[in-house]
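Right, one structure below, let's go through it.
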Amino acid sequence: MTDEKDNDRHKARMQEQKAKVDERIAAAQEDKGLLLVLTGNGKGKSTSGFGTIARAVGHGLKASVVQYVKGGWECGERNLLEKHDVEFHVMGTGFTWETQDKDTDKLAAQAAWEHSKKLLQDPSIDVVLLDEITYMITYKYIDLDEVLAALTARPKDQHVVITGRACHRSIIEMADTVSEVRPVKHAFDNGIKAQQGIDW
Ligand code: ATP
Ligand code: MG
């Protein structure tokens, strides 16, 4: 049996916590388009990015996706979200880990970036997902300063989600919300194949 004193103490603690949270909610007054970064070596960056798109679309917002790295498999999120008027742009020749042709990859990355820039200038798009763009910056296929400039100049209310490992620190500095996904375990390390619906 929970003793009454214990219960009272719990209640008081909860009330105190609620007061603190309410105070912070009341203090947050600004509305603005957010820059979100999902980085790190663990699994869950792209799924989180697509989850944000699904959330936005569920509220009637208009969203668009640019995929900078095309996996070997069809993309489950694309199958779903295209039915909900989310436009996808998948990088031309499809940069994958198997491609070895730097020039072709660079051209494809730049074409995807040209498309991304148009989205970042379009006030009718509420949310833009730039999936795996961090690698294009790391490989210098697209210019970091141009990315920073386009993000800065975008419509004030437009949200942007960036995913990929090793996000450049300047983007992290500019971002409003940054999460780093840390790998604790991954099934693949135990010889388990990538699973449809979970891994792609
Ligand atoms: P997801 O798309 O599942 O959210 P992610 O975007 O965080 O993953 P990426 O680095 O883009 O991770 O990798 C894409 C693919 O690689 C996914 O199929 C994912 O399951 C797998 N993967 C992610 N992290 C790891 C890891 N630490 N070890 C092995 N495979 C991984
Ligand atoms: Mg990913």
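Rank these by accessible area, largest first, 1.4 Å probe: Tyr135, Tyr68. Present the calculation step by step, with values, prior to reporting the outcome.
Working: Tyr135 30, Tyr68 0 Å².
Largest accessible area first, the residues go Tyr135, Tyr68.
Using a Gaussian network model on the chain with a 10 Å cutoff between Cα atoms, which of Ala54, Ala149, Ala187 fluctuates the most?
Ala187
Using a Förster distance of 30 angstrom, determine the FRET efficiency expected from the C-beta separation of Lys156 and Gln110, and round it to 0.05.
Numbers: r = 27 Å, r/R0 = 0.89.
Calculated value: 0.65.
For the chain, report the accessible area per residue in Å² (1.4 Å probe, heavy atoms, rounded to an integer). Provide the component values of the computation, followed by the final result.
On the way: 13010 Å² over 200 residues.
Heavy-atom accessible area per residue stands at 65 Å².
Report the longest stretch of the chain that contains none of the trypsin sites (Lys or Arg not before Pro) sitting in a DSSP loop with at most 13 other Cβ atoms within 10 Å. Don't skip to the answer; put the middle values down first.
On the way: sites that count: Lys32, Lys140, Lys156, Lys185, Lys193.
After excluding every exposed loop site, the longest remaining stretch is 33-139.
When you have a sec, figure out the Kirkwood radius of the stretch 1-51 from all distinct Cα pair distances and drop it here in Å to one decimal? Could the numbers behind the result be given before it?
Values: mean 1/r = 0.0661 Å⁻¹.
It is 15.1 Å.
Please sort by residue number the GluC sites (Glu not before Pro) in the stretch 94-193 whose DSSP state is loop and whose Cβ has at most 10 other Cβ atoms within 10 Å.
Glu98
For the stretch 84-200, just run the numbers: alpha carbon Rg, then divide by 2.2 N^0.38 Å, N being how many residues it has.
Compactness ratio reported: 1.17.
For the chain, I need the span (max minus min coordinate) of the C-alpha atoms along each principal axis, in Å, sorted largest to smallest.
If we take the Cα atoms of the chain, the spans are 71, 46, 35 Å.
The values are calculated or read from the model by the stated rules, or taken from the named source; none is laboratory data. Since we're looking at a predicted model, the values are computed, not measured. All Cβ positions, even for glycine, are placed from backbone atoms using ideal geometry, and neighbour counts span all protein chains on display. The protein model used for the area step is the full one, side chains on, heavy atoms only, and it has no ligands, DNA or RNA in it. Shrake-Rupley method; radii C 1.70, N 1.55, O 1.52, S 1.80 Å.
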